Amino acid sequence: VTSTENEPKSVCRDYLRTKDFPSGTSCDGDNLPTYQDLVSANITMSTADFLEQHCCAFGGGDRISEDDLVFEQVRKFTGMSVSDFQDQHSPSQKALFWLVKVDSYPNLEDYLHIEQRFALSSIYFGLNGDTDWLECSNRANTNCSAPNNKSAWMSGVQECEWAYLSCDRNLFVTELIMPSNLAVTGENVPIISSDIGLLGESLEQINFCNNRIGGTIPNKIGSLNLLTSFDVSYNNLQGGLPSILLTNATGLEVFRVEYNSLTGTIPDLSLFRLRELNLSFNNFTGNVANIFADVPKLANVSLLATSFTGTFPSDVCNRSIVNPLNTVRLECPLNCDGVLADSDASNDCGGFGSGFCSDYIGWVDS
């Protein structure tokens, strides 16, 4: 992003100079790389489309002026500043670049949903949509077998027509359901873009289960106050769980983060609608007697292989006895009655029995 149109426009050529083209071509001479050269140099196809059109062909790279009308609209609706777009590797900058230079959706400079379109495109780039998505990517050779004849992401239609999304009648995204759609192909780890927080006034459900997503859960996800279901299980997420997510989203009903590498404490919960919770196989700490003291509808809970301490509240345990459809799965130190291998073995380790003694460290070691 530049504040003046007169700044030298060499960023694209600088980028291309770092690439090795099989044919020996480069942007330094007259023998410019072809589109296939760009793709062969491991430049993603959507980036190659732009580079071919704007960089080599026109003798220099394009930059975005802060006076650009689309950029002004993005800043107006997101509240972001020019400085938020200076990291050339960030999903935010890639999304802005795509909106200003590539997106074919009409009249973006006046588009009232541009905050949403920007956030979704940032999510796409954060999750390596161009390279790692199995379906509904912007790649030319990708399939999109999503139900209801949905379109591939980053196509020039209104974003509610993109696959994996559901919207309300006012065209605000309410659901982002994309399990098992990533096959990580390179060293660029897919992450959850912090711009997902810009969907806070509409997004109710997220499912990124089993996508090999790395990095951390961004703190700005705490802006999703309307969330009822959150599932990022079976990924490679690390770091702490933003406590603001469990305190702001008071309408949460389903919360699943099992099989990651998350750490840290869980705040004392006051979630009156929470009915399903799975924190298993993460190094979470805290006293379960305090954490789960105020979850009146929690009926399905799994805390296997964690580092929690204390005795699990008996009222939650009893719900699994009253209704066989409810399940309580706990590691051994958290038995429902606090007594291991007693006459009532049904509540030892959530019904697994005392043979399933495994805290998080023990599980990792094994």
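The values are calculated or read from the model by the stated rules, or taken from the named source; none is laboratory data. Note that the structure is a prediction, hence the values are computed from the model and not measured. All Cβ positions, glycine included, derive from the backbone under ideal geometry; neighbour counts span all protein chains shown. Surface areas here come from the heavy atoms of the whole protein model, side chains and all, with no ligands, DNA or RNA. Shrake-Rupley method; radii C 1.70, N 1.55, O 1.52, S 1.80 Å.
Can you tell me which residue in region 174-189 is modelled with the lowest pLDDT, limited to those that are open to solvent by less than 40 Å² (accessible area, probe 1.4 Å) and in contact with a Phe, Trp or Tyr (Cβ under 9 Å, 6 or more places away or on another chain)? Per the stated criteria, the residue is A183.
From the list S202, S155, S233, S151, the lone residue that is of a type in the set (S, T, Y) and within 20 Å of L279 (Cα to Cα) is S233. Residue count for region 107-128 satisfying the condition of being more than 23 Å from I192 (Cβ to Cβ) and touching a residue at least 40 places away in the same chain (Cβ under 8 Å): 1. Within region 75-102, restricting attention to residues that are assigned to a loop (DSSP other than H, G, I, E, B) and under 22 Å from the mean Cα position of the chain (by Cα), which residue is farthest from N188 (Cα to Cα)? Step by step, filter region 75-102, then rank; the result is G79. Taken over region 99-116, the criterion of being open to solvent by less than 70 Å² (accessible area, probe 1.4 Å) and closer than 19 Å to N170 by Cβ is satisfied by Y105, L108, Y111, H113, I114, E115, Q116. Filtering region 255-312 to residues that are open to solvent by 20 Å² or more (accessible area, probe 1.4 Å) and of a type in the set (S, T, Y) leaves Y259, S261, T263, T265, S270, T285, S307, T309, T311.
Listed by first and then second residue, the pairs linking a residue in region 70-97 that is closer than 19 Å to E109 by Cβ to a residue that is open to solvent by 20 Å² or more (accessible area, probe 1.4 Å) and among the small types (G, A, S), with Cβ atoms under 7 Å apart and 6 or more places separating them unless they lie on different chains, are R75/S81.
For region 139-154, a residue qualifies if it is in contact (Cβ under 8 Å) with a residue 40 or more places away in the chain and either within 19 Å of L108 (Cα to Cα) or open to solvent by 60 Å² or more (accessible area, probe 1.4 Å) (or both), and the qualifying residues are A140, M154.
When each of T247, T216 is tested for being closer than 22 Å to F118 by Cβ, of a type in the set (V, I, T) and surrounded by fewer than 18 Cβ atoms within 10 Å (Cβ to Cβ), the lone residue that passes is T216. Contact map, region 295-323: first residue part of a loop (DSSP other than H, G, I, E, B), second residue surrounded by fewer than 13 Cβ atoms within 10 Å (Cβ to Cβ) and modelled with pLDDT under 85, Cβ cut-off under 7 Å, separation 6 or more or different chains; pairs are A299/N323.
The set of residues from region 262-292 being closer than 13 Å to L304 by Cβ and part of a loop (DSSP other than H, G, I, E, B) comprises L279, S280, F281, N282.
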